[in-house]
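Read through the structure below, which is laid out as structure tokens, and then see the notes.
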Amino acid sequence: MIINNGAHETVGGMPTVAGKIDLTAIARACGYPYAVCVEDLKALDQELEAAKSRKSLSLIEVRCGIGARADLGRPTTTARENKENFMAYLKSC
């Protein structure tokens, strides 16, 4: 699932190219048998239900607007710490 607001919201909402490219076409070109873009909650609910029963890789792009909760916390770890934690987790699997 890709949540696409077309912006780098955490650094002030600067636009990205993600709002202008067809991410589902890229997914299909990379071998995803199913890729879809949704723009409302009803369509998202339908696609999530369908994905549960689908026996193949699926990509759902959710187009949404800019905006986050006022009380949304900020990350407390660095990118390097995140990488190291992720690598440690993979080793433990």
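When segment 32-56 is filtered for residues that are touching a helix residue (DSSP H, G or I) at 6+ places or on another chain (Cβ under 9 Å) and either among the aliphatic types (A, V, I, L, M) or open to solvent by 80 Å² or more (accessible area, probe 1.4 Å) (or both), the ones remaining, listed by number, are Ala35, Val36, Val38.
When each of Thr16, Thr77 is tested for being of a type in the set (S, T, N, Q) and under 18 Å from Met1 (Cβ atoms), the lone residue that passes is Thr16.
Sub-9 Å Cβ pairs linking a first residue in segment 6-22 that is open to solvent by 90 Å² or more (accessible area, probe 1.4 Å) to a second residue that is hydroxyl-bearing (Ser, Thr, Tyr) and not in a strand (DSSP E or B), at least 6 apart or interchain, are His8/Thr16, ordered by first then second residue. Given the structure, is Leu57 free of Cβ contacts under 8 Å to residues at least 24 places away in the same chain and hydrophobic (A, V, I, L, M, F, W, C)? Against the criterion (free of Cβ contacts under 8 Å to residues at least 24 places away in the same chain and hydrophobic (A, V, I, L, M, F, W, C)), Leu57 does not qualify. Taking residues in segment 75-93 that are of a type in the set (Phe, Trp, Tyr), and partners anywhere that are modelled with pLDDT under 95, not one pair has Cβ atoms closer than 7 Å while being at least 6 places apart or on different chains. Looking only at segment 67-93, which residues are open to solvent by 100 Å² or more (accessible area, probe 1.4 Å) and β-branched (Val, Ile, Thr)? Within segment 67-93, Thr76 is the sole residue that qualifies.
Report yes if Lys20 is at pLDDT below 95 and not acidic (Asp, Glu), otherwise no.
Working: at pLDDT below 95: yes; not acidic (Asp, Glu): yes.
The answer is yes for Lys20.
The set of residues in segment 55-86 being in a loop (DSSP other than H, G, I, E, B), within 24 Å of Lys42 (Cβ to Cβ) and aliphatic (A, V, I, L, M) consists of Leu57, Ile66, Ala68.
The values are calculated or read from the model by the stated rules, or taken from the named source; none is laboratory data. It should be emphasised that the depicted structure is a prediction, and the values quoted were computed from it without experimental measurement. Cβ coordinates were reconstructed from backbone atoms using ideal geometry, including for glycine residues, and neighbour counts include every protein chain displayed. Quick note on the areas: whole protein, heavy atoms, side chains included, nothing else; ligands and nucleic acids left out. Shrake-Rupley method; radii C 1.70, N 1.55, O 1.52, S 1.80 Å.
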